[in-house]
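Laboratory data are not the source of any read-out in this text; all were calculated from the coordinates shown. In this text the structure is predicted, and so the values were computed from the model without any measurement. Cβ coordinates were reconstructed from backbone atoms using ideal geometry, including for glycine residues, and neighbour counts include every protein chain displayed.
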Amino acid sequence: MSAKTEELDHERPNPPRRGLKKGLYLLPSAFTAANIAMGFLSVMSSLRGFQLLGGANPDIFGARDHFDTAAIAIGFALLFDMVDGRIARLTKTTTEIGIQLDSIADVVTFGVAPAVLAYVWGYGLSHSEGKELHQFAWFVSFLFLMCGAFRLARFNVQASRPRVLAEGAVKTDKKSFVGLPIPVAGGFIAALVHFSPVPLIYFGPERARIYAGLLMLLVGILSLMMVSTLRFSSFKTVGTGTRSMRPIILALAVLVLVFLYSQYVLLAIVVMYILHGLLSRVASVFWRRGESAETKIEANPVRRS
């Protein structure tokens, strides 16, 4: 080999590592598959717990363990759902099929699984089968699933058609979601069950009916919030514009608290997130009213004689 050939071989760039690139594309899909697996585990655990409550001698505490497993599975699915999107953005491996697969996974894990869990843990056995309230319980779980599916469909449409600003530049709003995200709505039901996994019929017929009515009201409110125009923070830009270690330290602190006091911390996080979106909407309404009042005063100044 001549010196010229050696020089050319030295200057020639290395061929792309196709195996590594394919692996990067498969990594977000692996987390999405784990999301679906957790949703399937949640549904199966819910059905097994519901099965233990049937018959002459219902196994209340055995069903409790299965319901808690179903709730924890939804919690892990929420973690996988957060990770797969961030990995896809960091590695720049976002694909159309990955987006659609993620939406299907969310329908299963945060739509079907929480709707089934709320029914079997809460209001499924609190009302006698065949009565109007029992049929309404079916409708409430179905409403939650349909509103969640509509929420995901609207999100996909908005993501594919970014809004056009007044200047003519196209820009996607990454700071907030329109409507309550379905993972948060499903996570709220899971956190509530994880807080008290004992089925509602354990508290007696009268109290069980009261609690079941409150649960149906909560599920209905969550359903309407998913299809509403309320804006909730996405937290996608948190920690991206700074090199500070504070976001990482805060995230680690939250993880430790969840590990130690998951029954209380998870429910508190979901409630605070929802309240933050509601209070932000109320504050924006009062802010706009104040600005409009100031504009009217400036447009029509008081004339002094």
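Under 5 Å from the amide H of Phe177 lie the amide H atoms of Phe232, Ser233, Ser234, each residue being 5 or more positions distant or on a separate chain, with H modelled from the backbone and absent for Pro and chain starts. For segment 58-144, applying the loop criterion from DSSP together with a ceiling of 10 other beta carbons within 10 Å to the trypsin sites (Lys or Arg not before Pro) yields Lys92, Lys131. With N as its number of residues, segment 25-163 has a Cα radius of gyration that, divided by 2.2 N^0.38 Å, comes to 1.21. 3J(HN,Hα) along segment 35-46: 4, 5, 4, 5, x, 5, 4, 5, 5, 5, 5, 5 Hz, from the Karplus curve 6.51 cos²θ - 1.76 cosθ + 1.60 with θ = phi - 60°, whole Hz, x for Gly and Pro. For segment 191-235, the square roots a ≥ b ≥ c of the C-alpha gyration tensor eigenvalues yield an a/c of 1.5 or more together with a/b not exceeding b/c, which makes the shape oblate.
Sorting Tyr119, Tyr264, Tyr273 from the fewest to the most surrounding beta carbons within 10 angstrom yields Tyr264, Tyr273, Tyr119.
Extension gain for Met82-Ala30 works out to 17.4 nm (0.36 nm per residue, less the C-alpha to C-alpha distance). Charge tally for Ser280 (other residues, Cβ to Cβ under 12 Å; Lys, Arg +1; Asp, Glu -1): +3. Could you please report the charge total around Ser196, scoring K, R as +1 and D, E as -1 over all other residues with beta-carbon less than 12 angstrom from its beta-carbon? Summing Lys and Arg as +1 and Asp and Glu as -1 gives 0. With neighbours defined as other Cβ atoms within 10 Å of a residue's Cβ, the residues Ile274, Ile97, Ile210 order from fewest to most as Ile97, Ile210, Ile274.
Segment Met146..Asn57, full-extension length gain: 28.5 nm, with 0.36 nm per residue of separation and the alpha-carbon distance subtracted.
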